[in-house]
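**Student:** What follows is a single structure, and I will ask about it in a moment.
The values are calculated or read from the model by the stated rules, or taken from the named source; none is laboratory data. As the structure is a computational prediction, the values presented were derived from the model and not from experiment. Please note: Cβ atoms are built from the backbone with ideal geometry, for glycine as well, and neighbour counts cover all protein chains shown. Just the protein is used for accessible areas: all its heavy atoms, side chains included, with ligands, DNA and RNA removed. Shrake-Rupley method; radii C 1.70, N 1.55, O 1.52, S 1.80 Å.
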Amino acid sequence: QVQLVESGGGLVQPGGSLRLSCAASGFTFNNYAMSWYRQTPGKERELVATISSAGSRKDYAESVKDRFTISRDNAKNTVYLQMNSLKPEDTAVYYCNARRTTIQFWGQGTQVTVSS
């Protein structure tokens, strides 16, 4: 069955870094665009970054540009989110998403907390 398993979340101080990973299985990974979303209580899920199926195109939310980097390894069926210069407002549950036309899958989420 389809699985997206996120890892790498945790507690980090402001200005620190984290690297999230999302391991995919159960579908043809290199046919899907991959994205990271985040959500805080009471707010809608927010798109953070997207990478195309071949990795040639990357798009970022304005709030994370120049701080976050999305990448993928199609040989390992894994997508990453490198997060640098973290701020308290980056605190959220981060979700991995796979999308191809109208088909999409979600991971279970990983908590990122930025606090001193």
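**Student:** Relative contact order, percent, of the chain when contacts are C-alpha pairs under 8 Å separated by at least 6 residues?
**Tutor:** Answer for the chain is 36 percent.
**Student:** Another question, then. Assign unit charges at the C-beta atoms only (+1 for Lys and Arg, -1 for Asp and Glu), then state the dipole size of the chain relative to its Cα centre in Debye, rounded to the nearest 20.
**Tutor:** 220
**Student:** Could you give the length gained by full extension between residue 45 and residue 31, i.e. 0.36 nm per residue of separation minus their alpha carbon distance, to one decimal place?
**Tutor:** 2.7 nm
**Student:** Treat the chain as a sphere of radius equal to its Kirkwood radius over Cα pairs and apply Stokes-Einstein at 25 °C in a medium of 0.890 mPa s; give the translational diffusion coefficient in µm²/s, rounded to a whole number.
**Tutor:** 174
**Student:** In straight Cα distance, which aspartates and glutamates are under 17 Å from residue 87, not counting same-chain residues fewer than 8 positions off?
**Tutor:** Straight-line reach from residue 87, under 17 Å: 46, 62, 66.
**Student:** Given a Förster distance of 30 Å, report the FRET efficiency between residue 23 and residue 102 from their Cβ-Cβ distance, rounded to the nearest 0.05.
**Tutor:** Efficiency, from the Cβ-Cβ distance: 0.80.
**Student:** Right, something else. With every protein chain left in place, what is the accessible area per residue of region 1-67 in square angstrom, probe 1.4 Å?
**Tutor:** 56
**Student:** Find which of 74, 11, 84 sits farthest along the positive direction of the dipole of the chain, computed with +1 on the beta-carbon of Lys and Arg, -1 on that of Asp and Glu, about the Cα centre.
**Tutor:** 74
**Student:** Separate question: Using a 1.4 Å probe on the protein chains only, how many percent of the accessible area of the chain belongs to carbon and sulfur?
**Tutor:** On the chain, the fraction of accessible area on carbon and sulfur atoms equals 45 percent.
**Student:** What is the calculated FRET efficiency for residue 5 to residue 116, with r their C-beta to C-beta distance and R₀ = 25 Å, to the nearest 0.05?
**Tutor:** Working from the Cβ atoms, E equals 0.25.
**Student:** Which stretch or stretches of region 34-58 have amide N atoms under 14 Å from the point lying 7 Å from residue 91's Cα along the Cα→Cβ direction?
**Tutor:** So the set is 39-42.
**Student:** Give me the distance in nm between label points sitting 7 Å out from Cα along the Cα-to-Cβ direction at residue 52 and residue 75, one decimal.
**Tutor:** Rounded to a tenth, the inter-label distance reads 2.2 nm.
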